[in-house]
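Undergrad: Before I ask anything, let me first share the structure, which is written out below as structure tokens.
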Amino acid sequence: MKRTQELTRPRELSRTREIAQRLNWLRAGVLGANDGIVSVAAVVVGVAGATHGSGAILTAGAAALVGGAISMALGEYVSVSSQSDSQKAMIASTQEALQRAPEKGRSQLAQAYVNKGLSPATADLVAGELSEHDALAAHLSAELNLDAADVASPWHAAFASAIAFTLGAILPMLAILLPPVGARVPVTFLAVLLALGVTGWIGATIGGGSRVKAAVRVVLGGALALAASFAIGSLLGASGLVG
């Protein structure tokens with residue numbers, strides 16, 4: 001029974017990593033949407049504090065949306081590219097070592113299972129059977145806790161980040177432009193803070209933290225950003241520097 005459990009463990013670890021990776025992508029999407037909500041809302045509320053012109057608000061909001069989405073995508077692309085390059089290098093190095101000295105690789109794999117608690121005889125048996133099936137996958141799983149399928153695509157990460165940011169940014173754009181002029185800022189404040197509460201709640205649910213604390217932190221931070229932006233916009237508008 002113990003041997004069977006060890007043989008199926010790489011498959012179970014792969015499934016666990018797949019689930020964890022999906023949760024990480026979901027959390028990253030929630031955070032990207034949160035960034036889009038806060039940053040674009042701060043811009044449009046600040047401009048609305050300085051002027052009632054819909055054209056100026058739309059222009060500033062659109063610029064913030066496009067610039068923010070590109071910035072988020074670029075940052076995610078660079079970050080994931082570095083991670084992907086590192087993972088690919090480890091996979092290539094492991095594969096080269098196995099091709100150069102397969103018996104040494106089998107001994108190292110057996111030792112890895114000994115370190116995990118198996119007896120030397122069982123570890124050698126497990127290492128032999130896994131090596132015959134897929135030596136590279138066995139080494140990556142046992143020694144590096146890595147699966148070749150786990151290597152993330154930087155382009156996918158960049159597009160996902162840009163889309164999440166854009167979806168979040170659409171909310172403050174609609175909230176500031178659709179209501180009557182006198183209700184624009186209050187409606188935007190309300191819509192944005194509600195949305196931030198939801199994203200904070202979801203992010204904490206995914207991460208396993210306190211949902212109430214997370215939601216309160218995000219809402220307070222968003223409220224501070226909106227209030228500061230509106231105050232600055234109002235001061236600039238009152239000064240006559242902005243028409």
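The values are calculated or read from the model by the stated rules, or taken from the named source; none is laboratory data. This one's a predicted model, so the numbers in the text were calculated from it and none came from an experiment. When we count neighbours, we look across all protein chains shown, and the Cβ atoms used for this are built from the backbone with ideal geometry, even at glycine.
Undergrad: Would you check which residues across the stretch 88-100 are modelled with pLDDT under 80 and surrounded by 12 or more Cβ atoms within 10 Å (Cβ to Cβ) and list them?
TA: Met90, Thr94, Gln95, Ala97, Leu98
Undergrad: Against the condition touching a helix residue (DSSP H, G or I) at 6+ places or on another chain (Cβ under 7 Å), farther than 19 Å from Gly36 by Cα and either among the basic types (Lys, Arg) or in contact (Cβ under 8 Å) with a residue 40 or more places away in the chain (or both), how does Pro179 come out, does it pass?
TA: When the stated conditions are applied, Pro179 does not pass them.
Undergrad: Just to be sure before I move on: is Pro179 outside any helix (DSSP H, G or I) and surrounded by 14 or more Cβ atoms within 10 Å (Cβ to Cβ) in the structure I sent?
TA: Yes; evaluated as a whole, the condition is true for this residue.
Undergrad: Counting only residues that are of a type in the set (Ser, Thr, Tyr) and either within 16 Å of Gly36 (Cα to Cα) or not in a helix (DSSP H, G or I) (or both), which one in the stretch 197-234 is farthest from the chain's Cα centre (by Cα)?
TA: Ser229
Undergrad: Test Gly117 against the stated conditions and say whether it is farther than 25 Å from Ser86 by Cα and outside any helix (DSSP H, G or I).
TA: In short, yes.
Undergrad: Listed residues Ala149, Ala157; which is modelled with pLDDT under 85, surrounded by fewer than 18 Cβ atoms within 10 Å (Cβ to Cβ) and within 26 Å of the chain's Cα centre (by Cα)?
TA: The unique qualifying residue is Ala149.
Undergrad: With the structure loaded, tell me whether Gly237 is modelled with pLDDT of 85 or more and part of a helix (DSSP H, G or I) or whether it fails that test.
TA: It is false that Gly237 is modelled with pLDDT of 85 or more and part of a helix (DSSP H, G or I).
Undergrad: Let me ask something else about it. Step by step: first the residues of the stretch 65-83, then only those that are small (Gly, Ala, Ser) and surrounded by fewer than 16 Cβ atoms within 10 Å (Cβ to Cβ), then the one that is nearest to Gly128 (Cα to Cα). Which residue is that?
TA: It comes out as Ser82.
Undergrad: I've got another one for you. Output the residue which, of all residues in the stretch 160-201 that are modelled with pLDDT under 90 and among the polar types (S, T, N, Q), is farthest from Val66 (Cα to Cα).
TA: Looking at the filtered set, the residue picked out is Thr199.
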